[in-house]
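Novice: Take this structure, written in structure tokens, and hold onto it; I'll ask about it next.
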Amino acid sequence: MYLLKNKTCFETSGVAITVPENYYLLGDSADAAENTLVFTSPDRHFQVVYKVHTNNLGTKEALIDTQMGIYGTCRPIETVMFGGLAGHCATYGDDNEQIYEARLLIEASVAGCTALEVTVRTYHGDIEKVKASPTFKTLLAGIRKV
């Protein structure tokens, strides 16, 4: 785990992600793949995963597919816009973990949809409290299209 001592900006695939200082960059994670960044909040209360990938689904359909595949049910999906990137988000989970997930469209082409997936995960049963925090809002404000 690496501590970010300063606000840091990462750029890939037409999107820039600014992560505030004092987040921990995880160097080895099950979620870690190409074009994936995994962080833990300064208080180690929640985890944030940024992932850029291409699939043949749109942002809303990808969220439905994820929820149905994990939980067999689908929570309400909302339309969102962060830093010039439009997409969809949902909050879902169970007694073990709660998740806020946003899928933001970077580019649509014949080959599929390239999207930024932002997942915030907590194991404390308080995702709504996390979403209401200034820390969470700062993370979302740090996303922009380049």
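The values are calculated or read from the model by the stated rules, or taken from the named source; none is laboratory data. Values in this document were obtained by computation on a predicted structure and should not be read as measured data. Backbone-built Cβ (ideal geometry, glycine too); neighbour counts: all protein chains shown. We work out accessible area using only protein heavy atoms, side chains counted, and drop any ligands, DNA or RNA first. Shrake-Rupley method; radii C 1.70, N 1.55, O 1.52, S 1.80 Å.
Novice: Helix-derived [θ] at 222 nm for the chain: sum -39500 (n - 2.57) over DSSP H runs of at least 4, divide by residue count, nearest 500? Mind dumping the intermediate values first?
Specialist: On the way: 3 runs with 27 residues, N = 146.
Theoretical 222 nm ellipticity from helices: -5000 deg cm²/dmol.
Novice: Rounded to the nearest 0.05, what FRET efficiency do GLU128 and THR8 have when you use their Cβ-Cβ distance and R0 = 25 Å? Could the numbers behind the result be given before it?
Specialist: Values: r = 28 Å, r/R0 = 1.10.
So the FRET efficiency works out to roughly 0.35.
Novice: Considering the chain as a Gaussian network with a 10 Å cut-off on Cα pairs, which listed residue, ARG75, ARG44, ARG103, attains the greatest mean-square fluctuation?
Specialist: It is ARG44.
Novice: Follow-up question, since we're still on this one. For semi-axes √(5λ) of the Cα gyration tensor in Å, the choices are (1) 31, 19, 10; (2) 22, 20, 14; (3) 39, 15, 13; which was calculated from the structure?
Specialist: (2)
Novice: Give the residue from ILE106, GLY93, GLY142 lying farthest towards the positive end of the charge dipole for segment 42-142; charges sit on Cβ (+1 for Lys and Arg, -1 for Asp and Glu) and the dipole is referred to the Cα centre.
Specialist: GLY142
Novice: For segment 44-146, state which chymotrypsin sites (Phe, Trp or Tyr not before Pro) are in a DSSP loop and have at most 15 other beta carbons lying within 10 Å of their beta carbon. Walk me through the numbers on the way to the answer.
Specialist: On the way: sites: PHE46, TYR50, TYR71, PHE82, TYR92, TYR100, TYR123, PHE136; in loops: TYR123.
The qualifying sites are TYR123.
Novice: Where the accessible area of segment 51-146 is counted over protein heavy atoms with a 1.4 Å probe, how much of it, in %, is carbon and sulfur? Could you put the intermediate results ahead of the total?
Specialist: Numbers: 2590 of 5010 Å².
Carbon and sulfur: 52 percent of the exposed surface of segment 51-146.
Novice: Apply 1/(1 + (r/R0)^6) to the Cβ-Cβ distance of THR79 and MET1, taking R0 = 35 Å, and write down the FRET efficiency to the nearest 0.05. Walk me through the numbers on the way to the answer.
Specialist: Details: r = 35 Å, r/R0 = 0.99.
For R0 = 35 Å, the calculated efficiency reads 0.50.
Novice: Quote the charge dipole size of segment 44-145 about the Cα centre in Debye, to the nearest 20; the model charges only the Cβ of Lys and Arg (+1) and of Asp and Glu (-1). Present the calculation step by step, with values, prior to reporting the outcome.
Specialist: Working: 11 positive and 11 negative charges, 85 e Å.
It comes to approximately 400 debye.
Novice: Hey, another quick one. With every protein chain left in place, what is the accessible area per residue of the chain in square angstrom, probe 1.4 Å? Walk me through the numbers on the way to the answer.
Specialist: Values: 7770 Å² over 146 residues.
In whole numbers, the chain has 53 Å² accessible per residue.
Novice: If you average the sequence gap of Cα pairs under 8 Å that are 6 or more apart and divide by the length of the chain, what percent do you get for the contact order?
Specialist: Details: 305 pairs, mean separation 34.9, N = 146.
Value for the chain: 24 percent.
Novice: Same structure, new question: Picking from LYS60, LYS131, LYS51, which is most flexible by a Gaussian network model of the chain using Cα springs under 10 Å?
Specialist: LYS131
Novice: How much length would be gained if the chain were fully extended between ALA16 and ALA111, taking 0.36 nm per residue of separation minus their Cα-Cα distance, in nm to one decimal? Before the final figure, lay out each step's value.
Specialist: Values: separation 95, 0.36 × 95 = 34.20 nm, distance 2.24 nm.
My answer for the length gained is 32.0 nm.
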